[in-house]
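Asks: Take this structure, written in structure tokens, and hold onto it; I'll ask about it next.
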């Protein structure tokens, strides 16, 4: 373990680049911050060559944890923000405001509506086959629609 007590700038640079290369081979954005911390420690060791190995390891650990937590906090906030503005995997919500055509309707106001390339269960009042409709809200698998006035 004698070699460990003689770590220099080159050792920290090598560790940093090994971790960065490992990040490329095993992506996950975790080793990136550890590698960056090692590169920063190499810069600190270059400025203060008499630092003890204990001080170097403590600085490295603190930097690695800080950088990882900062990234996690940033990415977590970004993910939450992105999810609140998307209709991905929420097709029913994406249907709000869509315009379609009544395919069939029964006297109770329940029927099938054609939207783009598929049909949905619809519910509305005063509808006839081939009426142009717009989705107003969604409950389960039923689209609540209103008839749009045809332009003359």
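Asks: Taking only the range 108-131 into account, find how many residues are part of a strand (DSSP E or B) and out of contact with any strand residue (DSSP E or B) (no Cβ under 6 Å at 6 or more places or on another chain).
Replies: Residues that pass the stated criteria total 1.
Asks: Taking the range 1-23, which residues are loosely packed, with under 12 Cβ neighbours inside 10 Å and modelled with pLDDT of 90 or more?
Replies: Within the range 1-23, just 10 meets the criteria.
Asks: Condition first: under 25 Å from the mean Cα position of the chain (by Cα) and exposed (fewer than 13 other Cβ atoms within 10 Å of the Cβ). Now tell me which residues in the range 24-55 satisfy that.
Replies: Matches in the range 24-55: 24, 25, 26, 27, 28, 29.
Asks: Identify all residues within the range 104-131 that are surrounded by fewer than 15 Cβ atoms within 10 Å (Cβ to Cβ) and over 36 Å from the mean Cα position of the chain (by Cα); write none if there are none.
Replies: 104, 106, 107, 108, 109, 110, 125, 126, 128, 129, 130
The values are calculated or read from the model by the stated rules, or taken from the named source; none is laboratory data. Keep in mind that what you see is a predicted model, and the values were worked out from it rather than measured. Ideal geometry is used to build each Cβ from the backbone, glycine not excepted, and the neighbour counts take in all protein chains shown.
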